[in-house]
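Data block below; observations after.
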Amino acid sequence: MAAKIKKGDRVVVLTGKDKGRQGTVARVFPKAQRAVVEGVNMVQRHTRPTQLDPQGGIKNKEAPIHVSNLAIVDSKGKATRVGFRLDGDKKVRFAKTTGEVING
């Protein structure tokens, strides 16, 4: 199945503790159907001191969020669903609200 959300897409969180927050997709895990969004779904990780990080301590990082809880933001700044269509001989993603092609 083609990916509706890809790295670099601007997305909005639909449900959960970060509902309404927007960010850019940093990584996508297609098999797990999850994505990491910058600045969203932050968790605290307790790390031991190592040679690379002698201080250790509590670090904040982004955790993956399920793609069903994300929606792409269209050019008007609203959440939209994603559709696929053929543009010539190329399959492209487009925003269902505006009909514009999503770059990427």
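The values are calculated or read from the model by the stated rules, or taken from the named source; none is laboratory data. Not measured: the values here are computed from a predicted model. We place every Cβ from the backbone using ideal geometry, glycine too, and count neighbours over all the protein chains shown. Note: accessible area is taken over every heavy atom of the protein model, side chains too, but ligands, DNA and RNA are not part of it. Shrake-Rupley method; radii C 1.70, N 1.55, O 1.52, S 1.80 Å.
Values as computed for the structure displayed
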quantity	calculated
One residue from Gln44, Gln55, Gln51 being loosely packed, with under 13 Cβ neighbours inside 10 Å and either within 16 Å of Gly8 (Cβ to Cβ) or modelled with pLDDT under 95 (or both)	Gln55
Those residues of segment 27-37 which are more than 15 Å from Ile72 (Cβ to Cβ), of a type outside the set (Phe, Trp, Tyr) and surrounded by 11 or more Cβ atoms within 10 Å (Cβ to Cβ), in sequence order	Arg27, Pro30, Gln33, Arg34, Val36
Filtered residue count, segment 94-104, keeping only those that are within 17 Å of the chain's Cα centre (by Cα) and not in a loop (DSSP other than H, G, I, E, B)	2
Verdict on Val67 being surrounded by 11 or more Cβ atoms within 10 Å (Cβ to Cβ) and among the aliphatic types (A, V, I, L, M)	yes
Output for segment 76-89, where each listed residue is open to solvent by 80 Å² or more (accessible area, probe 1.4 Å) and of a type outside the set (A, V, I, L, M)	Lys76, Lys78, Arg81, Arg85, Asp87, Asp89
Residue list for segment 75-93, restricted to those being within 18 Å of the chain's Cα centre (by Cα) and in a strand (DSSP E or B)	Ala79, Thr80, Val82, Gly83, Arg93
Yes/no for Lys61 being in contact with a Lys or Arg (Cβ under 9 Å, 6 or more places away or on another chain) and either farther than 20 Å from Lys7 by Cβ or of a type in the set (D, E, K, R) (or both)	yes
Sole residue being aliphatic (A, V, I, L, M) and surrounded by 17 or more Cβ atoms within 10 Å (Cβ to Cβ), chosen from Val11, Val92, Val101	Val11
Per-region count, segment 47-71, residues under 24 Å from Pro30 (Cβ atoms) and touching a Ser or Thr at 6+ places or on another chain (Cβ under 6 Å)	1
